[in-house]
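Bear in mind these aren't lab numbers, they're just calculated from the coordinates by the rules spelled out. The shown structure was predicted, so the numbers you read here are calculated from the model rather than taken from an experiment. Neighbour counts run over all protein chains shown; Cβ positions are idealised from the backbone, glycine included.
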Amino acid sequence: MTTKAEHLLVHHIRETLREAWAASREMIHQIENQAYKSMKELEQTDAAYDLAGVMFVYYVEKAFREIGMLAERLQLPQTKADLVERRKGLKKMTGSGLIEMLEDFYSPVLGELNATFEAMAVMVDGSATTGMSMLESILKNTAGIIDDQGLDPTKEGEIDDAIAKIVRYVFPDFVNKPQIDKAVINYKPDFGVKSLGALVEYKFAVDVKGVKVALEGISADMINYAGDPNWGKFYAVIYTTRPILHAERIEAHFTSSTRDADRWSIIFVNGPGGPRTKLKDKEKAKVLQTAKKRDVTKLPSAALRKAPATRQKGGD
């Protein structure tokens with residue numbers, strides 16, 4: 001059975017490979033640019049070309065190390081040996097040395113690393129499927145849980161408390177308000193599950209305007225919660241008290257425009273609740289008048305006698 005350490009390592013390797021692929025595209029772009037330069041220009045130092053090469057090599061080296069670590073943790077000695085042998089065969093790496101060409105430029109080494117990693121990632125991701133699916137099921141059924149408990153929530157905290165009570169029974173390593181330490185401010189999501197490396201944050205909204213505010217809050221959370229090695233998956237649950245049209249489109253837009261879409265999942269649920277009905281102004285005035293009359297009748301007679309007499313008009 002894999003542990004949280006393997007899950008977090010898989011996440012970091014995905015990040016590394018994503019950066020490596022981006023660096024390879026930049027390296028290819030710089031190589032293609034060389035075709036339009038004169039021999040004299042090619043002999044001169046090109047800072048952009050050199051930087052692209054350095055970054056590409058850095059991420060490929062990093063991928064070799066991290067994938068090798070994962071092979072060790074999963075007890076795959078042959079895979080680890082193959083990685084070591086492949087790395088030795090590259091000798092001294094350069095950016096252009098990692099690029100080859102058939103009909104177009106490509107990086108065979110990066111392709112091999114990616115294939116090796118994905119084969120191992122299936123082993124790790126598969127073991128987390130049951131627990132993560134269970135957590136997601138609870139979050140997606142938030143409205144039903146709230147309704148079953150007869151609650152009529154008016155704020156985020158009431159929903160968070162109700163769902164946290166369920167999650168803590170399902171997952172023994174439930175953590176309420178886990179702290180994420182940053183240089184200046186410490187942040188505390190609603191709750192988390194250590195074994196899954198998953199955090200949950202609820203947002204409460206009564207209309208489309210509230211949803212927009214909630215999405216802005218989630219965007220801020222993505223920055224604030226990033227970087228903690230203990231947490232690799234984040235769920236943002238937006239609880240609305242009115243049906244939100246095209247919620248799936250909002251979710252799709254959020255996913256496509258988010259750099260960490262693989263780490264963040266947004267869930268819309270619609271359930272009971274909303275702001276308390278406020279008294280109209282006339283009703284508020286009537287209530288105040290009634291309260292004043294009631295309080296006056298409670299005054300002792302001595303107190304009334306001591307009250308200053310009202311000065312009558314027109315006479316001394």
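Tabulated results
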{"read-out": "Percentage relative contact order, the stretch 141-270, counting C-alpha pairs under 8 Å, at least six apart", "value": "21"}
{"read-out": "Nitroxide proxy distance, nm - points 7 Å out along Cα→Cβ at Leu51 and Val122", "value": "4.0"}
{"read-out": "Estimated FRET transfer efficiency when R0 is 45 angstrom, pair Thr94-Ala252 (beta carbons, to 0.05)", "value": "0.65"}
{"read-out": "For the stretch 218-228, Karplus couplings with θ = phi - 60° (6.51, -1.76, 1.60), whole Hz, Gly/Pro x", "value": "5, 4, 5, 4, 4, 6, 5, 8, 5, x, 7"}
{"read-out": "Net charge, Phe105 excluded, C-beta distance under 15 Å - Lys, Arg +1, Asp, Glu -1", "value": "-4"}
{"read-out": "Charged-residue dipole, Cβ positions (Lys, Arg, Asp, Glu), the stretch 86-164 about Cα centre, Debye nearest 20", "value": "1000"}
{"read-out": "Cα gyration tensor shape for the stretch 141-270, rounded if a/c is under 1.5, else prolate or oblate", "value": "oblate"}
{"read-out": "Label-point separation, Ile166 to Gln75 (7 Å along Cα→Cβ), nm", "value": "3.7"}
{"read-out": "Distance in nm between pseudo-label sites at Arg65 and Glu112 (7 Å out along the Cβ direction from Cα)", "value": "2.0"}
{"read-out": "Positive-end extreme of charge dipole, the stretch 141-270 - chosen from Leu151, Asn270, Trp231 (charges on Cβ)", "value": "Trp231"}
{"read-out": "For the stretch 4-128: relative contact order, % (alpha-carbon pairs under 8 angstrom, 6 or more apart)", "value": "34"}
{"read-out": "Amide hydrogen neighbours beyond the local backbone of Lys182, cut-off 5 Å, H modeled", "value": "Tyr187"}
{"read-out": "Karplus-derived 3J(HN,Hα), 6.51/-1.76/1.60, for each residue of the stretch 112-119, Hz, glycine and proline x", "value": "5, 4, 5, 5, 4, 5, 4, 5"}
{"read-out": "Average Cα contact separation per residue, the stretch 87-202, under 8 Å, 6 or more apart, as relative contact order %", "value": "14"}
{"read-out": "FRET E, pair Lys212, Gln34, Förster distance 45 Å, beta-carbon r, rounded to 0.05", "value": "0.45"}
{"read-out": "Residue list for the stretch 189-229, given a label point 7 angstrom along the Cα-to-Cβ vector of Met134 and an amide N cut-off under 12 Å", "value": "195-196"}
{"read-out": "Asn141-Gln179 FRET efficiency (beta carbon distance; Förster radius 30 Å; 0.05 resolution)", "value": "0.60"}
{"read-out": "Cα gyration tensor, the stretch 4-128 - rounded (a/c under 1.5), prolate or oblate", "value": "prolate"}
